[in-house]
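Reading through the structure tokens given below for one structure.
The values are calculated or read from the model by the stated rules, or taken from the named source; none is laboratory data. Just so it is clear, the model here is predicted, and its values are computed rather than measured. As a convention, Cβ positions derive from the backbone with ideal geometry for all residues, glycine included, and neighbour counts pool all protein chains shown. To get the accessible areas, we keep the full protein, side chains included, count just its heavy atoms, and leave off ligands, DNA and RNA. Shrake-Rupley method; radii C 1.70, N 1.55, O 1.52, S 1.80 Å.
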Amino acid sequence: QVQLVESGGGLVQAGGSLRLSCAASGRTVSSLDMGWFRQAPGKEREFVVGIRWSASTYYADSMKGRFTISRDNAKNTVYLQMNSLKPEDTAVYYCGALLTGRLGRLDRARDYDSWGQGTQVTVSS
């Protein structure tokens with residue numbers, strides 16, 4: 001029902017910044033719970049940060065202070081601002097959406113209804 005398209009990934013040096021975008025279509029982002037996850041080679045998909053339809057945000061402890069989620073309702077887009085990037089942040093970053101009313105957990109990937117294709121973030125040392 002909702003289509004998500006990530007963009008903004010790329011190659012950056014350690015200490016640099018990137019802003020990822022997740023553009024939604026089919027539903028308004030203010031009617032969705034949304035989140036960012038990442039997956040590095042050989043590892044499970046890892047929760048980064050989520051935002052409820054009400055705009056409440058929830059961060060993984062390891063991301064707090066460096067990563068920030070935001071939402072632009074007019075553009076129907078959710079962003080992930082990543083600062084002070086480290087080589088261990090290298091991963092494919094995915095945007096997901098959970099339809100309101102499902103009572104899903106923001107930090108549990110299997111609760112999400114839709115996913116984007118992902119965007120590669122590579123941080124060099």
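Summary of computed values
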{"read-out": "Fraction of accessible area attributable to carbon and sulfur, the chain (%, probe 1.4 Å)", "value": "45 percent"}
{"read-out": "Linear extension gain, Ser56 paired with Ser17, 0.36 nm per residue minus alpha-carbon span", "value": "11.7 nm"}
{"read-out": "Contact order relative to length of the stretch 1-63, as percent, for alpha carbon pairs under 8 angstrom and 6 or more apart", "value": "24 percent"}
{"read-out": "Candidate lysines for bridging to Lys86, where Cα separation is under 21 Å - those fewer than 8 sequence places away on the same chain excluded", "value": "Lys43, Lys64"}
{"read-out": "Charge tally in the Cβ shell below 12 Å around Ser21, where Lys, Arg are +1 and Asp, Glu are -1, Ser21 excluded", "value": "+1"}
{"read-out": "Between the stretch 75-125 and the stretch 35-55, the Cα center-to-center distance that results, in Å", "value": "4 Å"}
{"read-out": "Within straight-line cross-link reach of Lys75, aspartates and glutamates at Cα separation under 17 Å, skipping those fewer than 8 residues along the same chain", "value": "Glu6, Asp33"}
{"read-out": "Order by protection proxy (mean Cβ within 10 Å, highest first), peptides 11-22, 26-37, 46-57", "value": "26-37, 46-57, 11-22"}
{"read-out": "Accessible area in square angstrom per residue, the stretch 78-125, 1.4 angstrom probe", "value": "48 Å²"}
